[in-house]
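The values are calculated or read from the model by the stated rules, or taken from the named source; none is laboratory data. Given the structure is predicted, the values throughout are model-derived calculations rather than measurements. All Cβ positions, glycine included, derive from the backbone under ideal geometry; neighbour counts span all protein chains shown.
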Amino acid sequence: MTGIELPNLETFSYVAEAGSFTAAAESLGISQAAVSQRISLLEKDLGTAVFDRRAGRIQLTDAGQRLYEYAQKILQLHEKARSELVGFSPDAGGELALAASSVPGEHLLPAVLAEFRQKFPDVHVRATVTDSDSVFKDLEHGEAVLGLVGRKSDDSHLEYRPLATDHLVLIISPEHDMGRHGSICLEQLQQLPLVLREFWGGIWLGVQTTVARLANSFARIRGFTESLSWPFSLPNTRSRQHWPRLREIHNGQTTEGE
């Protein structure tokens, strides 16, 4: 069996509903001979008859009845996809409001926006980079239609699609005592003061820590870490790229910056 052509399937559906090749041809705006040819090709592709033409009547065979059920679903999906995607043509205009938390906003959003801009140059994109909770609020209040975050919220009305994965690592000054260890366990981590940009409860998975200071930017965290020899945690995408003088400890191994 070869692939079924959509026009042949559509013609089959018209004939099945009208009970007549002539009526189907009139509805489709084609000749009766063209209808007969499409049905013949369809039956050839399927390797079975879909209509019983005996006694001057056209009735569905058992295979035809089963095909008709599938044809309705296929044609409905085709129409739905066509109608929805018409609005996403390269000539589409309008505005698209996005919101992203810090890490996705810095490492994922630029590439996504660059590709989107090439495909839809007439769409004005308004992007906001903030924290995860603010992204959820923007989505809830209609300030944004799409959001990029590193964790899920408790709002069951939001849908999520994974775009990328990242790993949380511990960054520490080489002068800190822990810098001489190749790994650190959670029990040891609980005894240390940590510098955090914000409290990422979902990432810590219940680990209770003593927060020495909350900072509003990663630049401040870097300064605290290098001057006070305090450890801090951040996503792996930032560690090696921006701060080569710090030591990274994770998963039982130590990685020196270049």
- Please indicate, with yes or no, whether at least one residue in region 74-89 is at pLDDT 85 or above, under 21 Å from the mean Cα position of the chain (by Cα) and surrounded by fewer than 10 Cβ atoms within 10 Å (Cβ to Cβ). no
Residue hits (region 37-59; part of a helix (DSSP H, G or I) and either out of contact with any helix residue (DSSP H, G or I) (no Cβ under 6 Å at 6 or more places or on another chain) or of a type in the set (V, I, T) (or both)) are Q37, I39, S40, E43, K44, D45, L46, R54, A55, G56
Flagged in region 32-84 as charged (D, E, K, R) and over 15 Å from S13 (Cα atoms), in numbering order, are K44, D45, R53, R54, R57, K80, R82, E84
The correct count of residues that are surrounded by 14 or more Cβ atoms within 10 Å (Cβ to Cβ) and part of a helix (DSSP H, G or I) in region 114-139 is 8
In region 99-137, anything in contact (Cβ under 8 Å) with a residue 40 or more places away in the chain and touching a Gly at 6+ places or on another chain (Cβ under 7 Å) is listed as A99, A100, S101, V103, P104
